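The values are calculated or read from the model by the stated rules, or taken from the named source; none is laboratory data. Predicted model only: the values in this text are computed from it and were never measured. Don't worry about glycine lacking a Cβ; one is built from the backbone with ideal geometry, like all the others, and counts go over all protein chains shown.
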Amino acid sequence: MTSLTDKQARAEAILGELAELGLMLARDLAAQARACEDPADAERLAQAFNKTSRAVRLTLALDARLTRDAARLAREAAEAERQVARDAQEDARRRESEARQARRDAPPSPVERHKQRVRGLLNRLLWNESEGETEEFDVLTEDLGARLDEAALCEGFLEVPVETLAQGVAADMGLSETLVLTLPPGHRAAPSTPSSKPEPEPEPESVLIDTG
């Protein structure tokens, strides 16, 4: 099957050849008209020259129009491709935005809530450790997040009291300050996962979570 580009190239070649032949014929007619001594023949040759010249001009104009049309079609095709790419990028951004919103709207899992409570206890220590330097605070926060993600992979993570996790992570990170918990008299921090039966007070060495 002949493509549109091939057809256009053939049409332009034919028009070019017709223009050359018409130009040659016009030259011959002009020469004959100048050399002709019979007024009637000279007039006839002049009319033929005018018609041939007009045909050459029309041929050149048609060739120019085909060139302009080809350039316009190429621009339209390129713009259509760019628009498709823009639409695809916009659709990808929209889907990513919807996914982020869905993640924000989704309730945190028990593991995430457990980690958030640990972060809440350690935020002040991290800020003091960074001495108010935002960049250093961000580095410490990322380190804390990585340690909590690793600790969450350990079996029984949810059963470890938040305070115990916070103290262990603070020690592993080498924070200069000691985490001090202020609890009401007689209050004991409960595990994050409720249980129908009361659980005994855990021994300090009974739970080991590797956070670093």
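Worth pointing out:
This table checks each residue for (1) touching a residue at least 24 places away in the same chain (Cβ under 8 Å); (2) closer than 30 Å to Val162 by Cα; (3) loosely packed, with under 15 Cβ neighbours inside 10 Å.
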{"site": "Glu20", "(1), (2), (3)": "no, no, yes"}
{"site": "Ala31", "(1), (2), (3)": "no, no, yes"}
{"site": "Ala77", "(1), (2), (3)": "no, no, yes"}
{"site": "Arg82", "(1), (2), (3)": "no, no, yes"}
{"site": "Gln101", "(1), (2), (3)": "no, yes, yes"}
{"site": "Pro108", "(1), (2), (3)": "no, yes, yes"}
{"site": "Arg113", "(1), (2), (3)": "yes, yes, yes"}
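- Search result, residues across the range 15-33 that are of a type in the set (D, E, K, R) and farther than 15 Å from Asn50 by Cβ: Glu17, Glu20
- The range 143-164: number of residues that are within 19 Å of Pro108 (Cα to Cα), part of a helix (DSSP H, G or I) and not β-branched (Val, Ile, Thr): 12
- Qualifying residue in the range 61-82 (condition: over 42 Å from the mean Cα position of the chain (by Cα), acidic (Asp, Glu) and in a helix (DSSP H, G or I)): yes
- Breaking point among (1) in the same structural domain as Arg117 (by TED's automatic domain parsing); (2) in contact (Cβ under 8 Å) with a residue 24 or more places away in the chain; (3) not in a helix (DSSP H, G or I), for Gly132: (2)
- There is at least one residue in the range 37-54 that is surrounded by fewer than 10 Cβ atoms within 10 Å (Cβ to Cβ), part of a helix (DSSP H, G or I), over 30 Å from the mean Cα position of the chain (by Cα) and not β-branched (Val, Ile, Thr).
- Boolean, Thr141 is closer than 23 Å to Met173 by Cβ, loosely packed, with under 12 Cβ neighbours inside 10 Å and of a type in the set (Ser, Thr, Tyr): no
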